[in-house]
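The values are calculated or read from the model by the stated rules, or taken from the named source; none is laboratory data. Predicted model, so just to flag it, every value in this text is computed and none were measured. Ideal geometry is used to build each Cβ from the backbone, glycine not excepted, and the neighbour counts take in all protein chains shown. Note: accessible area is taken over every heavy atom of the protein model, side chains too, but ligands, DNA and RNA are not part of it. Shrake-Rupley method; radii C 1.70, N 1.55, O 1.52, S 1.80 Å.
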Amino acid sequence: MEEIGPVDYLIVGFPGNEFRGEIAPALGELVDAGTIRIIDIAFVGKNTEGEMVAFELTELDPEVRDALESTGIEVGGLLNEDDLKSAADGLEPDSSAALIVWENVWARKVAQAMRDAGGELYAFERLPHDVVQSAREWALEQATV
């Protein structure tokens, strides 16, 4: 079996159940470039009464479904009912979420090199976008003073 690169998991919410297809082309570009590989994707929501609903790729709007299918998604069954329920628990009524699992193909070689060198991962965190933007704005302000 081929080694796999680092794998990330994301839940992105859509208030008002307004999931549209803009995300699929962006994912497709990353897949086509060999940057990531989509391992699994699932969708969950709450209706207006607050009851959980889960839906498959085949149940999405045809335009959204086609765009996502074009990314080469391998619905691998990594996400299970417990994952969907956990994601739904955090949703407000009349909202939905996409759960996406992807491999960072770009990092395969360096991750393997780190393992081969006896390296052990002690920490890995993703910095929130707004924190990075604030830091960049502050640095730019300091550079112009």
Practice prompt. Give the residue that is modelled with the lowest pLDDT, with candidates limited to residues of segment 1-31 that are over 25 Å from Glu125 (Cα atoms) and open to solvent by 60 Å² or more (accessible area, probe 1.4 Å).
Written response: Met1
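For the condition in contact with a helix residue (DSSP H, G or I) (Cβ under 8 Å, 6 or more places away or on another chain) and under 18 Å from Phe55 (Cβ atoms), what is the one hit in Leu91, Leu84, Leu99?
On the way: Leu91 fails: in contact with a helix residue (DSSP H, G or I) (Cβ under 8 Å, 6 or more places away or on another chain); Leu84 fails: in contact with a helix residue (DSSP H, G or I) (Cβ under 8 Å, 6 or more places away or on another chain).
So the residue among Leu91, Leu84, Leu99 that is in contact with a helix residue (DSSP H, G or I) (Cβ under 8 Å, 6 or more places away or on another chain) and under 18 Å from Phe55 (Cβ atoms) is Leu99.
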Practice prompt. Report the residue count in segment 111-145 for those that are of a type in the set (A, V, I, L, M) and open to solvent by less than 70 Å² (accessible area, probe 1.4 Å).
Written response: 5
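Taking Leu78 as the residue in question, decide whether it is under 15 Å from Leu10 (Cα atoms) and either free of Cβ contacts under 8 Å to residues at least 60 places away in the same chain or in contact with a Lys or Arg (Cβ under 6 Å, 6 or more places away or on another chain) (or both). Working first, answer last.
Details: under 15 Å from Leu10 (Cα atoms): yes; either free of Cβ contacts under 8 Å to residues at least 60 places away in the same chain or in contact with a Lys or Arg (Cβ under 6 Å, 6 or more places away or on another chain) (or both): yes.
Taking the combined requirement at face value, the residue satisfies it.
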Worksheet entry | Residue tally, condition part of a strand (DSSP E or B) and touching an Asp or Glu at 6+ places or on another chain (Cβ under 8 Å), over segment 10-44 | 7
Item to complete: Filter segment 111-145 down to residues that are closer than 23 Å to Ile36 by Cβ and assigned to a loop (DSSP other than H, G, I, E, B) and give me whichever is nearest to the chain's Cα centre (by Cα).
Response: Arg126
Item to complete: Within segment 32-81, track down each residue that is aromatic (Phe, Trp, Tyr) and open to solvent by 50 Å² or more (accessible area, probe 1.4 Å).
Response: Phe55
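Tally time: how many residues in segment 34-53 are of a type outside the set (Val, Ile, Thr) and under 17 Å from the mean Cα position of the chain (by Cα)? Explain how you work it out, then say what you get.
Within segment 34-53, the first condition is being of a type outside the set (Val, Ile, Thr), and the residues that meet it are 34, 37, 40, 42-43, 45-47, 49-52.
Now drop any that are not under 17 Å from the mean Cα position of the chain (by Cα), which leaves 34, 37, 40, 42-43, 45.
Of the residues in segment 34-53, 6 are of a type outside the set (Val, Ile, Thr) and under 17 Å from the mean Cα position of the chain (by Cα).
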Fill in: Failed item in (1) at pLDDT below 90; (2) assigned to a strand (DSSP E or B), with Gly77 passing the rest
(2)
Practice prompt. Determine if segment 30-37 includes at least one residue that is hydrophobic (A, V, I, L, M, F, W, C) and in contact with a strand residue (DSSP E or B) (Cβ under 6 Å, 6 or more places away or on another chain).
Written response: yes
Discussion item. Six or more apart or on different chains, Cβ atoms under 8 Å: show the pairs whose first residue is in segment 51-69 and in contact (Cβ under 8 Å) with a residue 24 or more places away in the chain and under 13 Å from Pro25 (Cβ atoms) and whose second is open to solvent by less than 60 Å² (accessible area, probe 1.4 Å) and in a loop (DSSP other than H, G, I, E, B).
Written reply: Glu63/Gly21; Val64/Phe19; Val64/Gly21; Ala67/Gly21; Leu68/Gly21; Leu68/Leu60
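Among the residues of segment 99-110 satisfying the criterion of being closer than 24 Å to Thr71 by Cα and part of a helix (DSSP H, G or I), which is farthest from the chain's Cα centre (by Cα)? Spell out the reasoning first.
Applying the first criterion (closer than 24 Å to Thr71 by Cα) to segment 99-110 yields 99-109.
Pick out the ones that are also part of a helix (DSSP H, G or I) and you get 105-109.
Working: Val105: 14, Trp106: 16, Ala107: 16, Arg108: 18, Lys109: 21 Å.
Checking each candidate, the answer is Lys109.
Regarding Gln133, is this residue more than 30 Å from Phe19 (Cα to Cα) and polar (S, T, N, Q)? Can you show your working first?
Details: more than 30 Å from Phe19 (Cα to Cα): no; polar (S, T, N, Q): yes.
Answer is no for this residue.
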